[in-house]
Each structure stands twice: as C-alpha cells, then as structure tokens.
Amino acid sequence: MSSVAERRETEVAEVMAFVRSMAEPVDVSRENLDKIKQVMIDFAAREDIWDEAEFPAPEDGKVQNRYLISKDDDDSYALYLNVMNKGKYAPPHNHTTWACVTAVAGEEYNYVFTPDEEGPLEAGPRPIQQTDEIIVKPGQGIALLKDDIHAIEIKEGVATRHLHLYGRALETLTKRMTWDKNLQNCFVYEMDIPTIK
C-alpha cells in the first residue's frame, strides 16, 4: 500500500468514526448533519488523497465513475468518490437515508425540490416544485435528510471529484423514488451506474 493510500485509510477511519458518533444509519438531526457536512468539506479539501491516477475520470463517452471508499460490514456509513463529466444529470430523487456531498474539485449543481403535499414518498402522483439551488464546489457542500429531494447536474469544465457520504450504502437502497420530467409523478429509482470497488 502506498503512503498516500495509507494516509487516506487512516483519515477515512477517523472521519467515519466521527460520523458514527453523530448519526444513525437512517436518522440524524439537521444540526448534526450540518456538523458532518463541515467535517466532510474539510476532508474533501485534501486533494492529495483523491488523485486522478488512483481514481481516474470516466472515458469512452461515460459520464460517471463511482468509487467505493469505505462502508461498514452491515452496509451502513458508506463513502464514495464520484468522478463525473459534463453532461451527467440525475433527475429528482430521494435517498431514504441521509446524505452529504462535498467537493474535492469541480462544480455539481444541486436542485432541491419540495412536494406540494406532505406525506410518505410512494410511487404515484406526487407533484414537486424546485425550491432551492446549491452549487457543491470546494468549500461548499449539501446535506440531505432521508426524505429530501434533489437533482444533480454537471454543466461544464473538467471532471468533478466529489465525496458522497450516505448513512446506508447506495446499493442497498431499494425504496428510493425519482420523478418524471413534468415533476408530477414518482416511481422507484433504479441505480444504473455500477460502483467500482
């Protein structure tokens, strides 16, 4: 293992220990999630441990590589490095667990949505409206609770390198919802990008 990989492993372990002390795999307070976001903003600033040589950008017309960095044996507390090219777009969706996204490099546009009516997020008619826009870039992140809804878009520039932290591993989340283009109906989200382990 290289010295960079060893440093990354040590620092990931320290950060994840802090995260575990602040949040359950699904439930967390907004206040504690904001504290996690600040720690992750600082962690993402360590560009030297998220280098292109070890985590290359997608090629051959692909727009995303998702690298698994860490997760617990029970699939909780999962950390990924997403490397995404211009053209990547994920329509509005929730996660069914909390999430925190911070930037090593590049800008990820996050569009935040709110349902017109309160209630559980289930497949079927469920109109939503965009209520915020947050650009995740170095020094700025986004924190989402389990039922928060957002869409992401990479608009321009070189590949982004962003840390995506979740209370539970993405591969286990089978009840996520996504919305149609008209923002009127939602249906079960199917993850179409494989994770690189």
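Candidates (i) 52, 40, 28; (ii) 52, 32, 26; (iii) 42, 39, 29; which is the computed Cα extents along the principal axes in Å?
It is the value labelled (i).
Show me, for region 129-139, the HN-Hα J-couplings you get by feeding each phi into the Karplus relation (A = 6.51, B = -1.76, C = 1.60, θ = phi - 60°), rounded to Hz, glycine and proline as x.
Working through the residues one at a time gives 10, 6, 10, 6, 9, 10, 8, 7, 8, x, x Hz.
For Cα pairs less than 8 Å apart in space and 6+ apart in sequence, what is the mean separation divided by the residue count of the chain, i.e. the relative contact order in percent?
That works out to 27 percent.
Between Glu117 and Lys181, with labels modelled 7 Å along Cα→Cβ, what's the label distance in nm to one decimal, could you check?
2.6
Return the FRET efficiency for the residue pair Ala17, Lys197: r is the Cβ-Cβ distance, R0 is 25 Å, and the value is rounded to the nearest 0.05.
0.70
Could you do me a favour and compute the accessible area per residue for the chain, 1.4 Å probe, result in Å²?
Averaged over the residues of the chain, the accessible area is 50 Å².
In what order, largest first, do Lys71, Lys62 sit by accessible area if the probe radius is 1.4 Å?
Lys62, Lys71
Which links in Lys37/Lys62; Lys137/Lys181; Lys146/Lys197; Lys146/Lys175; Lys71/Lys146 stretch past 23 Å when you go from one Cα to the other?
Flagged as over cut-off: Lys37/Lys62; Lys137/Lys181; Lys146/Lys197.
State the percentage of accessible surface on the chain attributable to carbon and sulfur atoms; use a 1.4 Å probe and exclude ligands, DNA and RNA.
Within the chain, the accessible surface is 48 percent carbon and sulfur.
Working from Cα positions, state the angle (0 to 90°, nearest 10) between the long axis of helix 30-44 and the longest principal axis of the chain.
On a 0 to 90 degree scale, this one is about 40.
The values are calculated or read from the model by the stated rules, or taken from the named source; none is laboratory data. What you are looking at is a predicted structure, and each value in this text was computed from that prediction instead of being measured. Methodologically, a virtual Cβ is constructed for each residue, glycine included, from the backbone with ideal geometry; neighbour enumeration extends over all protein chains shown. Protein only, heavy atoms only, side chains kept; ligands, DNA and RNA dropped before computing areas. Shrake-Rupley method; radii C 1.70, N 1.55, O 1.52, S 1.80 Å.
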